[in-house]
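Step one of this worksheet: look at the structure below.
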Amino acid sequence: MAKEIERKFLVASDGWKHHADKGIRLRQAYIVTMADRSVRVRIHGNKWARLTVKIGKSSLVRNEYEYDLPMDDARELLGQAVGLVIEKRRFRVPHKGFTWEVDVYEGALGGLVVAEVEMKRESDLPALPVWVGREITGDRRYSNQALATEGVLVAQP
């Protein structure tokens, strides 16, 4: 079992683009959602797919189980989504020893841009790039699960 330890921020400017990779298109959907757990399917650039189970109430640390999934199964599961199928482009941006992931949402969630940084320990203190804005780690309105199942789009400040 892996632990997911991450912080999440709104993106305040386009400064990240100068250091980002070319990005990958992601489509993801929730198959099961509960207050403290979820089962998600994600297709990475129409090349490979993964099923992810997340368990935990904390927004900073959760148990995470991931399994490769045949593409045909993943496409079928997308069609059985609870709520929206999330479409976004993910860019990886290195910054002072950490890799940030910037998600640029498309479709129904277009206009939302979020950055997250995964850490090895809860005590890690990644340097914040100048292009990040308000921290939203504990704000469940910005969780992909809430965005997909509640259809909530919170305007970026």
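The values are calculated or read from the model by the stated rules, or taken from the named source; none is laboratory data. Worth saying up front: this structure is predicted, and the values here are computed from it rather than measured. Every residue, glycine among them, receives a Cβ derived from its backbone with ideal geometry; neighbour counts consider all protein chains shown. Please note that ligands, DNA and RNA were not included when accessible areas were found on the heavy atoms of the full protein model with its side chains. Shrake-Rupley method; radii C 1.70, N 1.55, O 1.52, S 1.80 Å.
Numerical summary
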| read-out | value |
| --- | --- |
| Alpha carbon convex hull of the range 68-157, projected area averaged over orientations, nm² | 7.2 nm² |
| For Glu106, net neighbour charge (Lys/Arg +1, Asp/Glu -1) across residues whose Cβ lies under 15 Å away | +4 |
| Per-residue [θ]222 nm for the chain (sum of -39500 (n - 2.57) over DSSP H runs n ≥ 4, rounded to 500) | -2500 deg cm²/dmol |
| Karplus (6.51, -1.76, 1.60) ³J(HN,Hα), θ = phi - 60°, over the range 78-85, in Hz, Gly and Pro reported as x | 4, x, 10, 4, 8, x, 6, 8 |
| Potential lengthening between Glu64 and Lys3 on full extension [0.36 nm per residue; Cα-Cα distance subtracted] | 21.4 nm |
| GNM result for the chain, Cα springs below 10 Å: residue of Glu76, Glu66, Glu135 fluctuating most strongly | Glu76 |
| Accessible carbon and sulfur surface of the chain relative to its total accessible area, %, 1.4 Å | 51 percent |
| Cα gyration tensor of the chain - equivalent ellipsoid semi-axes, whole Å, descending | 24, 18, 16 |
| Heavy-atom accessible area per residue - the range 25-157, 1.4 Å, Å² | 52 Å² |
| Space enclosed by the convex hull of the alpha-carbon atoms of the range 1-53, per residue, Å³ | 142 Å³ |
| Backbone HN-Hα couplings from phi across the range 111-121 [Karplus 6.51/-1.76/1.60, Hz, Gly and Pro as x] | x, 7, 10, 10, 10, 9, 10, 8, 10, 7, 9 |
| Reach of Lys17 by Cα under 18 Å, taken over lysines that are not fewer than 8 positions away in the same chain | Lys8, Lys88, Lys96 |
